[in-house]
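These notes concern the structure reproduced below.
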Amino acid sequence: MTLKKPFNKVEGLLSTRKKIEKEIEDIQKSCQHPTKSIKNVRERLDSQTTVVRYVCDECSLIIGIPNNNELQNFLKQ
């Protein structure tokens, strides 16, 4: 397999980002999610809006939605 030289810097950066995203995906798939925390996270990658979710402390994967009591306790902090 031969690697193509990127045509420009942007293509090189996009290629690197794709490789990093794949590596993150592989890590998150193999993680057992031993501990979780409630955190504010972006609703979508292209959004500035945040939502409150359970996030794995090891791999940063969103793994759930807190119930109303948990949400209220988080917001009081």
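The values are calculated or read from the model by the stated rules, or taken from the named source; none is laboratory data. Keep in mind that this is a model prediction, so the values were computed, not measured. Glycine gets a Cβ as well: all are built from the backbone with ideal geometry, and neighbour counts include every protein chain shown. All accessible areas refer to the heavy atoms of the entire protein, side chains included, with ligands and DNA or RNA removed. Shrake-Rupley method; radii C 1.70, N 1.55, O 1.52, S 1.80 Å.
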Residue set GLN32, GLN48, GLN72, GLN77; condition modelled with pLDDT of 95 or more and at negative phi; output residue GLN32
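Take the range 41-50 and flag every residue that is among the polar types (S, T, N, Q) and either within 11 Å of the chain's Cα centre (by Cα) or open to solvent by less than 40 Å² (accessible area, probe 1.4 Å) (or both). Show your work before the answer.
To start, the set of residues in the range 41-50 that are among the polar types (S, T, N, Q) comprises 47-50.
Matches in the range 41-50: SER47 only.
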Of the residues in the range 45-65, those that are over 20 Å from CYS31 (Cα atoms) and of a type outside the set (Gly, Ala, Ser) come to LEU45, ASP46, GLN48, THR49, THR50, VAL51, VAL52
Being surrounded by 11 or more Cβ atoms within 10 Å (Cβ to Cβ), hydrophobic (A, V, I, L, M, F, W, C) and part of a strand (DSSP E or B) is true for just one of ILE38, ILE24. Which residue is that?
ILE38
Looking across the range 51-67 at residues that are open to solvent by 60 Å² or more (accessible area, probe 1.4 Å) and over 13 Å from the mean Cα position of the chain (by Cα), the single one that is farthest from GLN77 (Cα to Cα) is ILE65
